[in-house]
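S.K.: Sharing a structure here in structure tokens format.
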Amino acid sequence: MDEPFSNLDIPHKQIINTVIHAISQQLKTTCILVSHDPVDTLSWADRILVLKNGQLIQQGTAQEIYYHPVNAYVAGLFGAYTLLEDPFKAYWNIDNTSSTICIRPEQLIITDDHTNAMDCVVEKVLFCGSYWSVTAKHGDYTIVIHTQENIPEPGSLIWVRLKNPGSF
């Protein structure tokens with residue numbers, strides 16, 4: 001299926017999604033879904049294959065691809081991310097020497113506890129429905145945090161840490 005949900009409003013997309021799932025399960029048929037929408041891809045897939053210029057770049061489960069992309073190209077296909085560099089690794093005590101460590105905005109929290117936290121200045125705060133998207137800077141490094149609480153004001157100083165620091 002090539003972009004089966006494109007140009008559909010949310011109610012129609014949900015109906016078509018339900019119908020296609022039901023048909024594929026009833027007929028025990030494998031479906032190949034091509035999409036540029038990460039929500040469509042991640043929620044549908046048992047396995048994801050990422051292609052670029054006709055070459056297979058990465059394959060794995062939705063969780064593997066989303067949380068452990070092999071490079072910035074793959075990370076960017078599935079939403080906002082921050083590639084960890086030395087300042088982040090030091091503040092958050094990450095020993096992983098992998099060249100690509102991707103942090104998703106929902107893996108970060110704004111905290112009052114300065115332990116293993118990095119000080120950042122808030123640049124932008126956007127209401128996105130089920131969460132707030134906070135863009136903040138630490139020196140020249142920009143990070144994005146998705147939060148439902150501790151909503152800061154632009155220009156304010158915040159402390160940011162990993163939700164689950166042991167997962168890297």
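S.K.: Give the residue that is modelled with the lowest pLDDT, with candidates limited to residues of the range 120-161 that are charged (D, E, K, R) and in contact with a strand residue (DSSP E or B) (Cβ under 6 Å, 6 or more places away or on another chain).
M.R.: Checked the range 120-161; the qualifying residue modelled with the lowest pLDDT is R161.
S.K.: What are the residues in the range 52-92 that are under 22 Å from S133 (Cα atoms) and part of a strand (DSSP E or B), if any?
M.R.: Passing the criteria: T82, L83.
S.K.: Another one. What is the residue count in the range 4-16 for residues that are assigned to a helix (DSSP H, G or I) and either more than 18 Å from T41 (Cβ to Cβ) or in contact (Cβ under 8 Å) with a residue 24 or more places away in the chain (or both)?
M.R.: The number of residues fulfilling the criteria is 3.
S.K.: Please enumerate the residues belonging to the range 129-148 that are more than 14 Å from R104 (Cβ to Cβ), in contact (Cβ under 8 Å) with a residue 12 or more places away in the chain and outside any strand (DSSP E or B).
M.R.: S130, G139, Q148
S.K.: Another question, then. Search the range 94-103 for residues being crowded, with 17+ Cβ neighbours inside 10 Å and within 20 Å of Q58 (Cα to Cα), and hand back the single one that is modelled with the lowest pLDDT.
M.R.: I101
S.K.: Just to verify a result, which residue in the range 21-40, among those that are of a type in the set (A, V, I, L, M, F, W, C), closer than 22 Å to F78 by Cα and surrounded by 11 or more Cβ atoms within 10 Å (Cβ to Cβ), is nearest to the chain's Cα centre (by Cα)?
M.R.: Step by step, filter the range 21-40, then rank; the result is V39.
The values are calculated or read from the model by the stated rules, or taken from the named source; none is laboratory data. Everything quoted here is computed from the prediction, not taken from an experiment. For neighbour counting, all protein chains shown are included, and Cβ atoms are generated from backbone atoms with ideal geometry for every residue, glycine included.
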